[in-house]
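Comments concern the structure below.
The values are calculated or read from the model by the stated rules, or taken from the named source; none is laboratory data. Here the structure is a predicted model, which means the values were calculated and not measured. Here the Cβ positions follow ideal geometry from the backbone for every residue, glycine too, while neighbour counts run over all protein chains shown. Remember, those area values only see protein heavy atoms, side chains included, never the ligands or the DNA or RNA. Shrake-Rupley method; radii C 1.70, N 1.55, O 1.52, S 1.80 Å.
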Amino acid sequence: MKIAIDGPAGAGKSTIARTLAARLAFLYIDTGAMYRALALKAVQAALNPNDQQQLLDLALDTHIYFQPDSQQQKVICDGVDVTEAIRSPQVSSVVAQVAAHPAVREQMVRMQRDMARSNSVVMDGRDIGECVLPDADFKFYVTASLEERTRRRIKELQDKGYQVNEEDIKKDIENRDYQDSHREVGALKILPDSIVIDTTDLTVEEAVNRIMSIIQGARK
Ligand code: DC
């Protein structure tokens, strides 16, 4: 079974998708983490985030996999654990630019499809229902208000010890929303077969329960 979860930054997708995958005993594939790992490598190599060819070469030379862990699954890029490093504000601020290049996306989509080929998966991102898994059994669009998404991102960063400015975080989310939904290929959108889950007033547990009951209802 393939479950696609798309939605904007900070809507709670990753936490929901990870919890859902654990409950169903499916593999969880966080495609945002894959774009972030590539963006981290680009930052470390001081590449221009607008240079499609260099970024494509970098993507072709990048191996990413997810390592199950008792707490949270680890993101391993070229043998290095980048789980924490990919969440830095510096990576967040360039990742949408890196992810905007069609050739880079093509390569990432190929890797994501390979990962899903022989497993039941919950995969989250922006273009999963449309591009990566168009035949997914369920396509969820998980969203929340901009204010709530900003609040959650601030808490996440503060919990990791970053000092944050509320206006900067809000602008960063708005920028990414814009870039993610206006790019040429793989733009974030609600599809005709998306099931919209608004998590503004829901806990993770409530959102997962809602999704589980939709899946179980459809299986009966
Ligand atoms: O979900 P996230 O915030 O970790 O995603 C990081 C960035 O990667 C985000 O700006 C959009 C991009 N992304 C994408 O373009 N396509 C995906 N399937 C997943 C993420």
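Some observations on this one:
- Selection from the stretch 129-153 of residues that are within 12 Å of the ligand (Cβ to nearest atom) and open to solvent by 10 Å² or more (accessible area, probe 1.4 Å): Glu130, Cys131, Leu133, Arg149, Arg152, Arg153
- Candidates Thr31, Thr62, filtered to the one that is surrounded by 14 or more Cβ atoms within 10 Å (Cβ to Cβ), among the polar types (S, T, N, Q), within 16 Å of the ligand (Cβ to nearest atom) and under 14 Å from the mean Cα position of the chain (by Cα): Thr31
- Summed over the stretch 78-90, the residues that are outside any loop (DSSP other than H, G, I, E, B) and away from the ligand (no atom under 14 Å from the Cβ) give a count of 2.
- Whenever a residue of the stretch 180-192 is on the phi > 0 side of the Ramachandran plot, its partners that are assigned to a loop (DSSP other than H, G, I, E, B), lying with C-beta atoms within less than 7 angstrom and at least six residues away or across chains, give the pairs Gly186/Arg126; Gly186/Asp127.
- Conditions (1) of a type in the set (S, T, N, Q); (2) over 17 Å from Lys139 (Cβ atoms); (3) buried (at least 17 other Cβ atoms within 10 Å of the Cβ); number of the one not met by Gln179: (3)
- Scanning the stretch 42-51 for residues that are open to solvent by 20 Å² or more (accessible area, probe 1.4 Å) and within 14 Å of the ligand (Cβ to nearest atom) yields a count of 2.
- Each residue in the stretch 1-28 was checked for being charged (D, E, K, R) and open to solvent by 40 Å² or more (accessible area, probe 1.4 Å), and 3 pass.
- Checked against (1) at pLDDT 95 or above; (2) buried (at least 21 other Cβ atoms within 10 Å of the Cβ), Ala85 passes all but a single condition, namely (2).
- Test result for Val75, of a type outside the set (Asp, Glu), at pLDDT 95 or above and within 26 Å of Lys139 (Cα to Cα): yes
- The stretch 110-128, subset near the ligand (Cβ under 10 Å from one of its atoms) and not in a loop (DSSP other than H, G, I, E, B), residue surrounded by the fewest Cβ atoms within 10 Å (Cβ to Cβ): Gln112
- Candidate set from the stretch 155-173 (those that are open to solvent by less than 90 Å² (accessible area, probe 1.4 Å) and closer than 18 Å to Gly12 by Cα); member that is modelled with the highest pLDDT: Lys170
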